[in-house]
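The values are calculated or read from the model by the stated rules, or taken from the named source; none is laboratory data. A quick note: this is a predicted structure, and the numbers were derived from the prediction, not measured. Cβ placement follows ideal geometry from the backbone for every residue including glycine, while neighbour counts extend to all protein chains displayed.
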There are 2 protein chains.
Amino acid sequence: MTKQSVLTLVGAGPGDPELITIKAIRALEAADVILYDALANDVLLDYCKSAQVTRFVGKRYGCHALSQNEINDLILYYCSRFQNVVRLKGGDPFIFGRAQEEIDVAIASGIKVRIVPGISSAMAVPASQNIPLTCRGISESFWVVTGTNRNNELSKDIYLAAQSTATIVILMAMSKLEEICDIFVNFGKGEIPAAIIQNGTTIHAKMVTGTIKDIAYRAAAAAMENPAIIVFGEVVRLNRDMVISQVRELQTPNQIDATKC
Amino acid sequence: MTKQSVLTLVGAGPGDPELITIKAIRALEAADVILYDALANDVLLDYCKSAQVTRFVGKRYGCHALSQNEINDLILYYCSRFQNVVRLKGGDPFIFGRAQEEIDVAIASGIKVRIVPGISSAMAVPASQNIPLTCRGISESFWVVTGTNRNNELSKDIYLAAQSTATIVILMAMSKLEEICDIFVNFGKGEIPAAIIQNGTTIHAKMVTGTIKDIAYRAAAAAMENPAIIVFGEVVRLNRDMVISQVRELQTPNQIDATKC
């Protein structure tokens with residue numbers, strides 16, 4: 001293990017390859033090794049000009065190419081042989097990215113760690129459909145929740161979120177959508193506008209809107225699947241007012257009606 | 001008003017000028033007019049190669065250069081005379097950015113609107129101090145709250161946040177710090193680790209850590225002031241474990257002890 005080796009955790013952004021930062025590109029350009037997750041767009045690897053190794057270690061749709069322990073071992077292996085190792089992760093490394101496990105193993109071996117934040121899909125995907133997470137007079141906060149915790153159970157935070165007035169963004173939750181909606185409905189939130197956005201910020205993006213009480217039905221009817229982001233909140237209504245062209249492959253007049261005030 | 005005029009709301013990122021996206025830079029390069037807020041770093045204006053007008057319209061430390069109505073009027077004025085008008089905002093336009101008011105006025109006048117997300121300081125500033133907002137087994141969600149609502153009152157969401165298990169990030173709240181901490185203490189959260197980060201992601205960054213019950217005292221002793229981000233949550237402890245050099249001008253051994261498990 002050389003004392004100079006640095007592990008840089010880089011956020012690749014939400015899908016649109018232009019939503020990567022200058023800092024991230026400089027880290028990719030300087031990297032000797034890139035260990036990358038499933039990215040929405042592999043064009044980002046074109047920045048890896050001097051990399052001697054570019055290796056896919058990620059998961060796609062829940063199916064791991066490698067376990068976290070195997071990824072950790074690879075980090076140590078490459079850091080012992082190269083100076084600049086980049087761990088390229090979708091979105092932001094510190095938002096549900098399991099960054100800490102990789103940081104811990106690196107630091108325990110004397111490797112320096114650097115973080116390059118990325119744009120999280122939790123914000124950028126709603127934004128790409130013109131849904132702001134906050135809006136003066138409508139929503140003063142937003143809460144980003146994962147659908148399932150590490151035991152594959154529904155996160156208890158979902159129950160608290162259902163009682164709040166925040167805009168709620170739920171990631172990695174399509175398999176538990178009905179269960180989540182039922183919790184919100186039980187707290188009297190059935191009429192709150194809801195949106196589900198699949199492949200957000202990419203040309204394959206599609207969105208279904210409705211209310212919390214019917215969004216699971218609408219999503220099933222439209223065959224929405226992962227990767228998708230769920231948004232609950234009055235801010236979803238603001239989407240209707242935008243005039244710029246959007247990808248709304250699945251919207252019918254009926255679906256638009258459902259979000260009307 | 002020409003039919004071709006487009007208003008692009010661009011997120012400038014959290015302060016570090018390298019934390020701007022390729023998409024934002026392309027929007028700046030193509031802009032005829034840039035209306036910009038107080039940015040942590042004016043070097044971003046170097047990207048405005050073909051702009052005929054670059055005009056400061058923002059606020060700095062609560063002091064508005066122009067009212068929101070005056071900004072809205074300027075948007076209409078410039079969109080009637082130029083094709084590409086960029087509204088450059090710190091962080092992300094859709095996170096407490098009052099984007100909707102500018103979007104509404106533009107759309108009502110037939111101007112097309114485009115959003116370019118930015119990295120919000122809510123995520124990047126904690127990350128720059130190696131504080132992840134989520135961490136497997138420690139925090140399954142994060143809640144971003146503004147300190148004050150449009151009536152300059154404490155947001156009611158603060159009371160709900162104080163009851164949740166989420167990592168809490170509070171923006172624009174230094175003037176109400178003591179009041180906010182008291183609410184959390186009343187809900188039994190006094191021992192939860194807390195951090196306040198001023199000028200995050202820039203070379204002027206400084207951080208104070210402690211617990212919710214003593215962070216207001218520590219922040220006052222260290223003369224912490226806006227712009228600053230408040231983070232409450234067990235994830236604050238993870239900061240201690242990082243080895244890469246950080247700006248910790250104000251940390252004393254005593255302050256570090258306060259976050260120990």
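Within segment B:8-30, the only residue that satisfies the criterion of being among the basic types (Lys, Arg) and in contact (Cβ under 8 Å) with a residue 12 or more places away in the chain is B:Lys23.
Evaluate segment A:34-47: report whether one residue or more is without any contact (Cβ under 8 Å) to a residue 24 or more places away in the chain, touching a Ser or Thr at 6+ places or on another chain (Cβ under 9 Å) and not acidic (Asp, Glu). The answer is yes, given that some residue of segment A:34-47 is without any contact (Cβ under 8 Å) to a residue 24 or more places away in the chain, touching a Ser or Thr at 6+ places or on another chain (Cβ under 9 Å) and not acidic (Asp, Glu). Among the criteria (1) buried (at least 20 other Cβ atoms within 10 Å of the Cβ); (2) more than 12 Å from every other protein chain (Cβ to nearest Cβ); (3) in a strand (DSSP E or B); (4) out of contact with any Ser or Thr (no Cβ under 6 Å at 6 or more places or on another chain), the one A:Val86 does not fulfil is (4).
Go through segment B:48-67 and count every residue that is surrounded by 20 or more Cβ atoms within 10 Å (Cβ to Cβ) and modelled with pLDDT of 90 or more.
Taking segment B:48-67 first, the residues surrounded by 20 or more Cβ atoms within 10 Å (Cβ to Cβ) are B:48, B:51, B:57.
If we keep only those that are modelled with pLDDT of 90 or more too, we end up with B:51.
Residues meeting the conditions: 1.
Of the candidates B:Ile25, B:Ile34, B:Ile20, the single residue that is at pLDDT 90 or above, within 14 Å of B:Lys89 (Cα to Cα) and surrounded by fewer than 20 Cβ atoms within 10 Å (Cβ to Cβ) is B:Ile25. Just one of (1) within 17 Å of the chain's Cα centre (by Cα); (2) surrounded by fewer than 24 Cβ atoms within 10 Å (Cβ to Cβ); (3) at pLDDT 90 or above fails for A:Phe142. It is (2).
Considering only segment A:125-139, how many residues are more than 7 Å from chain B (Cβ to nearest Cβ), over 12 Å from A:Ala205 (Cβ atoms) and among the hydrophobic types (A, V, I, L, M, F, W, C)?
Within segment A:125-139, the first condition is being more than 7 Å from chain B (Cβ to nearest Cβ), and the residues that meet it are A:125-126, A:128-129, A:131, A:138-139.
Filter once more, keeping what is over 12 Å from A:Ala205 (Cβ atoms): A:131, A:138-139.
Next, from what is left, pick out any that are among the hydrophobic types (A, V, I, L, M, F, W, C): A:131, A:138.
Here the count works out to 2.
The residues of segment B:149-173 that are surrounded by fewer than 21 Cβ atoms within 10 Å (Cβ to Cβ) and either closer than 14 Å to B:Ile95 by Cα or charged (D, E, K, R) (or both), listed by number, are B:Asn149, B:Arg150, B:Glu153, B:Lys156, B:Met172.
Yes or no, residue by residue, for (1) surrounded by 24 or more Cβ atoms within 10 Å (Cβ to Cβ); (2) part of a strand (DSSP E or B); (3) aliphatic (A, V, I, L, M); (4) without any contact (Cβ under 8 Å) to a residue 12 or more places away in the chain:
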| site | (1), (2), (3), (4) |
| --- | --- |
| A:Asn69 | no, no, no, yes |
| A:Asn72 | no, no, no, no |
| A:Asp104 | no, no, no, yes |
| A:Pro126 | yes, no, no, no |
| A:Pro132 | yes, no, no, no |
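The lone criterion from (1) among the small types (Gly, Ala, Ser); (2) touching a residue at least 40 places away in the same chain (Cβ under 8 Å); (3) within 11 Å of chain A (Cβ to nearest Cβ); (4) not in a loop (DSSP other than H, G, I, E, B) left unmet by B:Ala219 is number (3). Candidates are the residues of segment A:115-124 that are of a type in the set (Val, Ile, Thr) and within 7 Å of chain B (Cβ to nearest Cβ); the one that is surrounded by the most Cβ atoms within 10 Å (Cβ to Cβ) is A:Ile119.
In segment A:145-159, the residue that is nearest to the other protein chains (Cβ to nearest Cβ) out of those that are aliphatic (A, V, I, L, M) and out of contact with any Leu (no Cβ under 8 Å at 6 or more places or on another chain) is A:Ile158.
Every residue in segment A:106-124 that is assigned to a loop (DSSP other than H, G, I, E, B), out of contact with any strand residue (DSSP E or B) (no Cβ under 8 Å at 6 or more places or on another chain) and not hydroxyl-bearing (Ser, Thr, Tyr), please. Quick ask: steps written out before the conclusion?
Here is the first cut: in segment A:106-124, the ones assigned to a loop (DSSP other than H, G, I, E, B) are A:109-111, A:117-120.
From the residues that got through so far, the ones that are out of contact with any strand residue (DSSP E or B) (no Cβ under 8 Å at 6 or more places or on another chain) too are A:109-110.
Listed by number, the list holds a single entry, A:Gly110.
Of the residues making up segment B:163-184, those that are within 11 Å of chain A (Cβ to nearest Cβ) and not in a strand (DSSP E or B) are B:Gln163, B:Ser164, B:Thr165, B:Ala166, B:Met172.
Is it the case, given these coordinates, that A:Ser80 is more than 13 Å from every other protein chain (Cβ to nearest Cβ) and of a type in the set (S, T, N, Q)? Break it down stepwise before answering.
On the way: more than 13 Å from every other protein chain (Cβ to nearest Cβ): yes; of a type in the set (S, T, N, Q): yes.
Criteria met by A:Ser80.
Within the bounds of segment A:204-212, is there any residue that is touching a Leu at 6+ places or on another chain (Cβ under 6 Å), crowded, with 24+ Cβ neighbours inside 10 Å and not in a helix (DSSP H, G or I)? Among the residues of segment A:204-212, at least one is touching a Leu at 6+ places or on another chain (Cβ under 6 Å), crowded, with 24+ Cβ neighbours inside 10 Å and not in a helix (DSSP H, G or I), which makes the answer yes. Output the residues belonging to segment A:92-102 that are surrounded by 24 or more Cβ atoms within 10 Å (Cβ to Cβ), facing chain B (nearest Cβ under 7 Å) and not in a helix (DSSP H, G or I). Residues satisfying the conditions are A:Asp92, A:Phe94, A:Ile95, A:Phe96. Which of the residues that make up segment B:11-25 are assigned to a helix (DSSP H, G or I) and within 7 Å of chain A (Cβ to nearest Cβ)? Once the filter is applied, which keeps residues that are assigned to a helix (DSSP H, G or I) and within 7 Å of chain A (Cβ to nearest Cβ), segment B:11-25 yields B:Ile22, B:Lys23. Residues of segment B:4-17 that are surrounded by fewer than 23 Cβ atoms within 10 Å (Cβ to Cβ) and under 17 Å from B:Val125 (Cβ atoms): B:Pro17 alone. Only one of the numbered conditions (1) touching a Gly at 6+ places or on another chain (Cβ under 6 Å); (2) closer than 24 Å to B:Ala30 by Cβ is not met by B:Ile71, and that is (1). For A:Leu45, the conditions (1) at pLDDT 90 or above; (2) assigned to a helix (DSSP H, G or I) are fulfilled apart from (1). Set side by side, the residues A:Phe142, A:Phe232 differ, and just one is more than 13 Å from chain B (Cβ to nearest Cβ) and within 26 Å of B:Arg136 (Cβ to Cβ), which is A:Phe232. For segment B:164-183, enumerate the residues that are at pLDDT below 90, of a type outside the set (Gly, Ala, Ser) and more than 15 Å from B:Ala122 (Cβ to Cβ). Answer for segment B:164-183, where residues must be at pLDDT below 90, of a type outside the set (Gly, Ala, Ser) and more than 15 Å from B:Ala122 (Cβ to Cβ): just B:Thr165.
Whether any residue in segment A:99-118 is of a type in the set (Lys, Arg), modelled with pLDDT under 95 and in contact with a Gly (Cβ under 8 Å, 6 or more places away or on another chain) is what I want to check. Give the derivation first.
Taking segment A:99-118 as the starting set, the residues that turn out to be of a type in the set (Lys, Arg) are A:112, A:114.
Then keep just the ones that are modelled with pLDDT under 95; that gives A:112, A:114.
Next cut, in contact with a Gly (Cβ under 8 Å, 6 or more places away or on another chain) only: none.
No, segment A:99-118 contains no residue that is of a type in the set (Lys, Arg), modelled with pLDDT under 95 and in contact with a Gly (Cβ under 8 Å, 6 or more places away or on another chain).
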